[in-house]
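Notes follow once the structure below has been shown.
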Amino acid sequence: QVQLVESGGGLVQAGGSLRLSCAASERTFSMGWFRQAPGKEREFVAAMRWSGDTTYYADSVKGRFTFSRDNAKNTVWLQMNSLKPEDTAVYYCAAQRRFSTLLNPNTYDYWGQGTQVTVSS
C-alpha cells in the first residue's frame, strides 16, 4: 500500500503564495493534485507521469501554479502563486499505479490526507 504524506497549506491573503509537498512511500506511475471546496466536487489541479516530462494543469491554475518533483525522493511539490479566494479548498495529493487518464480523480489509486488552503480577500 502506497502512503502519501502531504504538508504545507494554511491561510494566506489574496495574491500570496503557498507551497504544498507530497512524499510517496514508493514510486508510482503518476501523481496528481486535486482540490475540493465545500459543496463542490473534487477537481483536477495538476498532474504528471514519472516517466515523462510533461505536466498538465487545469486552466484555472495555469500560469500561477507549478508542479515540480524529485525523482530520487518520490516527492512532488505544488507551488501556488498569485492565490485567489476561489483557490480556497482542501488540496489532495494522489497517485496512480498504472497508465490512466490524469484528469479524472476516479482513476487514482492512492490519496493523501488532504491539506487546507484558505485564501482571504
Of the residues in the range 30-64 that are more than 14 Å from Tyr108 (Cα to Cα) and in contact with an Asp or Glu (Cβ under 9 Å, 6 or more places away or on another chain), the one that is least open to solvent (accessible area, probe 1.4 Å) is Val61
How many of the residues making up the range 3-29 are crowded, with 16+ Cβ neighbours inside 10 Å, at pLDDT below 95 and over 12 Å from the mean Cα position of the chain (by Cα)?
1
The one condition Phe99 fails out of (1) assigned to a loop (DSSP other than H, G, I, E, B); (2) open to solvent by 50 Å² or more (accessible area, probe 1.4 Å); (3) at pLDDT 95 or above is (3)
In this structure, is Thr88 open to solvent by less than 80 Å² (accessible area, probe 1.4 Å) and over 14 Å from Gln116 (Cα atoms)?
no
If you go through the range 67-75 one residue at a time, do you hit one that is open to solvent by less than 30 Å² (accessible area, probe 1.4 Å) and more than 19 Å from Ser17 (Cα to Cα)?
yes
Is it true that some residue in the range 64-78 is in contact with a Pro (Cβ under 7 Å, 6 or more places away or on another chain), within 19 Å of Thr118 (Cα to Cα) and part of a loop (DSSP other than H, G, I, E, B)?
no
Test each condition in (1) farther than 26 Å from Gly16 by Cα; (2) open to solvent by 60 Å² or more (accessible area, probe 1.4 Å) for Gln116 and report the one that comes out false.
(1)
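The values are calculated or read from the model by the stated rules, or taken from the named source; none is laboratory data. Just so it is clear, the model here is predicted, and its values are computed rather than measured. A quick note on method: Cβ atoms are made from the backbone with ideal geometry, for glycine too, and the neighbour counts reach across all protein chains shown. To get the accessible areas, we keep the full protein, side chains included, count just its heavy atoms, and leave off ligands, DNA and RNA. Shrake-Rupley method; radii C 1.70, N 1.55, O 1.52, S 1.80 Å.
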